[in-house]
Every structure is written in C-alpha cells, then in structure tokens.
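One structure is given here, and the rest of the page talks about it.
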Amino acid sequence: MSLLSTLRFITSHPLNKDRKAQALLRFLHWQVASRLMPGPVVFEWIRGTRFLVRRGETGMTQNLYCGLHEFDDMAYVLHVLRSDDLFVDAGANAGSYTLLACGVQGARGYCFEPIPSTYRRLLDNLAINSLLDHVTALNIGLSNQDGHLSFTSREDTVNHVLGDGESVEGALTVPVRTLDSVLSTESPTMIKIDVEGYEDPLLRGAEATLNKPSLHSILIELNGSGVRYGFDENQIIGKLGDHGFLPYSYSPLIRELRPLHGKNITSGNTLFLRNEDAIRERIRSAPPIQLLSREF
C-alpha cells in the first residue's frame, strides 16, 4: 500500500473520521518509534488483549492506526461470538481475528497458518495472551484433500498457494489437510477464510463442516484472487447458498445486517449467514466495545 493510500485509509476509517488528527499522530509516532526500536512492540488492544507489532507488518500496524483494520468484519466477530463458541481461522496470519474471537470474547479456537515464519508470529501473539491452551494453532494449509502444496513465503499478508506455472523465490512445500478431517469431532460457530483465492478447494474439503448445525457465520475473502487458479467466485456463492448461507454486510455502529445479492463489492470480505434471527439477537444483546474513545 502506498503512503497516500495508507493515509486515505487511516483518515476515512469509521473510528477515525472525526478524530483524523489523532489518527495521523498515531501513524507518525509509529513511523518514528518503529525505526528506533530494534524488535517487536507489545500493543495494548481491547479488554486487556495485546498483540506484537513489527515495522512493515500490514494488518497489525493498521490495527494500531485504526483500532480494527477491517472494522465491519472484526466488529461482527466481537458482537456475534460468545465464550462457549468455537471460532475457526483459516489463513490466520499473525492472528488478529483469533485474538478478537478468543482473547477478547473468550471463544475456543482453531487457527491455520501455513507459512512457518508467520506461524511463529501467530504463536507469539497467542502466548502473550495466554491462549496457547485455548486455541489449537496448526502450521498447515487447507485444501480438498490431505497432502502437500507449494506456497509463496515472502509476500506478508498475501502469501498463497502457487498457481500452475507460477515460480517464485523462497517457495515452500507445506502440508495441507481438509477442514473436515481436522474438525471431525468439533462443532464450529464461525469460520473466517482468508486464503488468497484458494477458497474453492478449501470448501470442497469442508462439506461435513458446512453441514454442522452449530455453524451460523462464514466470513470469506472474495477479492478476485481465485482467477489465479481458474475458480469462479459465483460458484463459491452458489455452494454456500446450497448449505443455507446467504450474503450480508454488517454496519457495527448501528448493529445492522443488510442482505446482499452477491458478494460485498465495498469490501474484500463477505459475510455468509444462516439462522438470521438468532444472529440478530446475539448482535442486539452483545455488550458494547470501547476502542479509541469510541463505543460500538
């Protein structure tokens, strides 16, 4: 992201719109401090939850600037999950969503991160929040069958399975499993999927999981990356629809769900929900979250 794009993102963020000067000061402070400090910094986040942030770590630094870097989706996690739920994070990266679900809201978790260096950062964030016994973190990828796949390793938040004919320096061979094989005895409540276009094979390996009555929410990144593998996002939307999941957007400041006719074109992520009435009640009854002098 260019400097101008970063500044636009910060100043237009819902938690910063009427506090732009403070937000820009946070940005400037981090730009200076991160050049003076040799290692990661512990950042105090929400309700005692913390994360480690390093210079150039895109998602975590945006949390520092904006509170929640994907505000609508992250706030949905905070509003819908409870301590007796099971949250599944497919493509966890350094663990922002897992920390919200399991650190702030107290849900149990499974998280999957295939890149070893990123996985170590994920474990560090779980450790400083005493979550290693509460979250099962696996250094594997997810696909439609157990085996191995080649991944990029030097692209930070957009590391991905290599497509046909794709060749990059630092490629890694990583074990992969199906979500069904890992979660065969579990009853997930919500699944977040961020696998840079590899959603179709993941979902084909999750048929039994998608049929579990406990599962009411899927947050999935649909940003066009599937063309790398020849996948059609409309087929993914249809597949989720076959399991009873319909697309929605969420407005946290007013706690409103809006039905969509396809993927969310204003965001890279789309919420797919079933049992809408129960979800609306969860959202309505969730206690408020305090962050950056705002309440939502």
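Each reported figure results from applying straightforward, stated rules to the coordinates on display, with no laboratory input. Predicted, not measured: the structure shown is a model, and the values here were computed from it. In this analysis, Cβ positions are derived from the backbone assuming ideal geometry, glycine residues included, and neighbour counts consider all displayed protein chains.
Tabulated results
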read-out: Criterion (more than 20 Å from Glu70 (Cα to Cα) and under 17 Å from the mean Cα position of the chain (by Cα)) met by exactly one of Leu162, Leu100, Leu132, Leu179; value: Leu179
read-out: Condition broken by Ser184, with the remaining ones in (1) of a type in the set (S, T, N, Q); (2) assigned to a loop (DSSP other than H, G, I, E, B); (3) crowded, with 16+ Cβ neighbours inside 10 Å satisfied; value: (3)
read-out: Which numbered condition Val77 fails, given (1) surrounded by 23 or more Cβ atoms within 10 Å (Cβ to Cβ); (2) of a type in the set (A, V, I, L, M, F, W, C); (3) assigned to a strand (DSSP E or B); value: (3)
read-out: Verdict on Leu100 being buried (at least 22 other Cβ atoms within 10 Å of the Cβ) and of a type in the set (A, V, I, L, M, F, W, C); value: yes
read-out: Every residue from the stretch 82-126 that is over 17 Å from Asn159 (Cβ atoms), among the hydrophobic types (A, V, I, L, M, F, W, C) and touching a Ser or Thr at 6+ places or on another chain (Cβ under 7 Å); value: Leu86, Phe87, Leu99, Val104, Ala107
read-out: Per-region count, the stretch 239-253, residues closer than 11 Å to Asp200 by Cα and either without any contact (Cβ under 8 Å) to a residue 24 or more places away in the chain or assigned to a strand (DSSP E or B) (or both); value: 0
read-out: Filter result (assigned to a strand (DSSP E or B) and surrounded by fewer than 17 Cβ atoms within 10 Å (Cβ to Cβ)) within the stretch 258-284; value: Arg258, Pro259
